[in-house]
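Read through the structure below, which is laid out as structure tokens, and then see the notes.
Nothing in this text is a laboratory measurement; each read-out follows from the coordinates by a stated rule. These numbers were taken from a predicted model, which means no experiment stands behind them. FYI the Cβ positions are ideal-geometry reconstructions off the backbone, even for glycines, and counts take in every protein chain you see.
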Amino acid sequence: MIESPSALERIAVVIEDDPDVRELLESLLREAGFTVRVAANGFDGLGIIAQVEPMITTLDVTMPGMDGFETLRRIRAISSTRIIMISARSDETDVVLGLTAGADDYISKPFRTREVRARIESVLRRAAETSAGPVAVTPDTSSAVMRLAAPPEEWIEYGLLRLNPHDRLAQVGGIALALTRSEFELLAALFRARGRVCTKRELVMLLRTDTVMTSNIVLASDKRSMEVHIANLRRKMTHLPGSGAGPHSGAEMNGIETVRGIGYRLSASLGF
């Protein structure tokens, strides 16, 4: 039976087989105001998540019995908890696999507690903004927090691209895109730029809207995570049904261009 936490209770789950790291994460989350449940393996972690409604879950990748990627897939089948994967495996392939499978963030070991705390708050802030619906915000070029606001059920268009910010829906050429939260945020930012270049720093800060880390700090792991989200977004825009033929076929349907050494922009192939 699922336990019903009080409205003010913030529950976190730590799934980690290393007792020292598990204790550190538990302490960090308690200091941040969470009620923390811990598990040493994926099976026990799944059992806990099935009983409670955690706001945030940290998930180790290398665990005995069932690794973090399989655990992640099973968690996603039963829960919408925000998931941060924490692992000594920092290869791009592992980061891509984790984010594609549904993780909200991926942190490499060894990590700094300040970084983990900042990323937790960032993930939860994005979740709160999503559930609260759109809020009209004047663009802040210093932190590149670019938002779109629109009344319910209103679509806004630019070339072949259509967005519904309220319901967080996107279409290219009338075909729906199945996007994660981060992918939609990036696409919305590029949409707002209307063909102008968004720098990598701007897009990193868009995804990491925390207040713990200053706007001048952009880590290599931040850029890598953002680039993985961009790669996933490109893949989804390229492999749309019917993209193999017609006036917007193949690479032309990949609507995001790289501006070497600067960042990204929407392609003119989308009809801008």
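Observations, loosely collected:
- Taking amide H positions as modeled 1.01 Å from N, with prolines and chain starts lacking one, the residues under 5 Å from VAL38 and 5 or more places away or on another chain are VAL14.
- 11 Å beta-carbon shell around PHE111, net charge (K/R +1, D/E -1): +4
- In sequence order, region 73-82 has phi-based couplings of 4, 6, 4, 4, 6, 10, 8, 9, 3, 6 Hz under the Karplus curve 6.51 cos²θ - 1.76 cosθ + 1.60, θ = phi - 60°, and Gly or Pro positions carry x.
- Region 23-82: relative contact order as a whole-number percent, Cα under 8 Å and 6+ apart: 32
- Cβ crowding within 10 Å ranks ASP104, ASP20, ASP222 as ASP20, ASP222, ASP104, fewest other Cβ atoms first.
- Reachable lysines from LYS200, criterion Cα separation under 17 angstrom, eight or more residues apart if same chain: LYS223
- Ranked list, fewest to most other Cβ atoms within 10 Å of each Cβ, for ARG76, ARG82: ARG76, ARG82
- Two-site FRET efficiency, THR199 against SER80, from Cβ-Cβ distance with R₀ of 22 Å, rounded to 0.05: 0.10
- Listed by Cβ neighbour count within 10 Å, with the fewest neighbours leading, VAL123, VAL197 appear as VAL197, VAL123.
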